[in-house]
Structure formats: structure tokens, C-alpha cells
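See structure below.
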Amino acid sequence: MADERLSATTIINASAEVIFVVLADPAKHAAIDGTGWVREPLDSDPLTATGQIFRMAMYHPNHPDGDYQLGAGPGH
């Protein structure tokens with residue numbers, strides 16, 4: 001699974017500020033994921049400052065445990 005990659009490109013008709021508001025809200029990630037792997041936020045508060053992190057509950061059928069957690073932010 002370490003060699004698996006997924007990428008996509010799209011043009012979003014919105015400002016960077018509006019896009020960041022969506023990306024900074026963990027509750028929005030399952031809706032924008034596109035893979036079905038993102039399940040739900042484990043930390044539900046939106047990011048509001050530099051250095052914050054949030055964790056997501058994930059699922060992938062090829063992951064050794066199926067269910068796993070992923071952190072987003074510095075050091076994750």
C-alpha cells in the first residue's frame with residue numbers, strides 16, 4: 001500500500017480564503033474526499049491557528065487493520 005498514489009486536478013471557482021475555510025473544517029473532509037476512505041473527524045473543531053492538528057477516522061480495505069487514523073497538521 002505504500003506505493004499506492006492517488007491524484008486529481010480540478011479548478012474551483014472560489015477564492016483561496018473560501019477554499020481554506022472548507023479545508024480547515026474536519027467535518028467537511030468526508031464530503032470532499034472522493035475516495036470514500038475518510039470516515040469522520042476525531043477532532044471536530046476547525047483549524048483556526050498555525051500549528052493546530054486534527055485527526056480523521058479512515059477506512060481502506062487494503063490497510064492491515066481496515067480502520068485507521070490519520071493526523072493532519074505539523075508533524076503528521
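Just rank R55, R5, fewest to most, by other beta-carbon atoms within 10 angstrom.
Values: R55 15, R5 5.
By the 10 Å Cβ count, ascending, the order reads R5, R55.
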### Task
Only helical DSSP H runs with n ≥ 4 go in: add -39500 (n - 2.57) per run for the chain, normalise by residue count and round the 222 nm mean residue ellipticity to 500 deg cm²/dmol.
-3500 deg cm²/dmol
### Query
Taking the alpha-carbon centroid of each part, what is the distance from segment 5-22 to segment 36-64 in angstrom?
18 Å
### Task
With N denoting the number of residues in the chain, provide Rg(C-alpha) divided by 2.2 N^0.38 Å, to two decimal places.
1.18
### Task
Set Lys and Arg Cβ to +1 and Asp and Glu Cβ to -1, take the dipole of the chain about its Cα centre, and tell me which of P64, A16, V38 lies farthest positive.
A16
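Here, each number is a calculation from the coordinates, and none is a lab measurement. Keep in mind that this is a model prediction, so the values were computed, not measured. Note that we place each Cβ from the backbone using ideal geometry, even for glycine, and neighbour counts take in every protein chain shown.
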